[in-house]
Each structure stands twice: as structure tokens, then as C-alpha cells.
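The values are calculated or read from the model by the stated rules, or taken from the named source; none is laboratory data. Keep in mind it's a predicted model, so treat the numbers as computed, not measured. Ligands, DNA and RNA are excluded from the accessible area calculation, which covers all protein heavy atoms including side chains. Shrake-Rupley method; radii C 1.70, N 1.55, O 1.52, S 1.80 Å.
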Amino acid sequence: MKAVLQLSRQSVVMPDYLTRKEVAAQYPISYNTLAYLASRGEGPRYMLIGKNSVYMRADVEAYFASQFVDLKPRVKRRGGSSKKSTFS
């Protein structure tokens, strides 16, 4: 999808750019979360064109790629605690 911005009676089509609304529609993140992250200086990079926040598709995808968590395998422990309770 292409970002289409209305600038003084004419529309501008920007092929690799997405509005905040388009990002929220195409990726697993809400419009409000994008706005919140932007207010904190976090989230994907964006630029302001007038009052519109515009994101490059590559920046949105890079942001999501950076959010992966590497899980470590759990170490299964054998047996119980070797200490005896002092409260007998």
C-alpha cells in the first residue's frame, strides 16, 4: 500500500512510505501504540509531513525484527533441595 497524503487540494503518492494508520492496519501494532512509542522517542523511525506521521516500510520491518526475543532452553534440575528445613 502507498501512503497518500492530502496536501492543499492535491494528493501525493509516496510508494515506500506508510501513514500511521496504514502501519496499524498492516502490522501487529495499534495506531495508539505507535503514537505512544513516538511520544517516548521509541518505536520505528518516522518523519512528520505537516501533521502526518509517515513511516518507511523498511524502518517498520527493521523495528519488528529488532523486537525478537531469543529464548534460552530451560535447564532441568534433578532432585530437590539438599538443605533440610530448620523449622521442624
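Sorted by accessible area (1.4 Å probe), largest first, how do LEU34, LEU71 line up?
On the way: LEU34 5, LEU71 150 Å².
Of LEU34, LEU71, the descending order of accessible area is LEU71, LEU34.
Taking all protein chains together and a probe of 1.4 Å, list TYR55, TYR46 from the most accessible to the least accessible.
Numbers: TYR55 0, TYR46 90 Å².
I get TYR46, TYR55, largest accessible area first.
Just reorder ARG40, ARG20, ARG74 by solvent-accessible area, largest first, 1.4 Å probe, all chains present.
Values: ARG40 135, ARG20 30, ARG74 225 Å².
Listed by decreasing accessible area, they come as ARG74, ARG40, ARG20.
What aspartates and glutamates could a cross-link reach from LYS51, if we take a straight Cα to Cα line under 20 Å and drop same-chain neighbours fewer than 8 places away?
Reachable aspartates and glutamates: ASP16, GLU22, GLU42, ASP59.
Ignoring everything but the protein chains, give the 1.4 Å probe accessible area of ASP70 in square angstrom, nearest 10.
140 Å²
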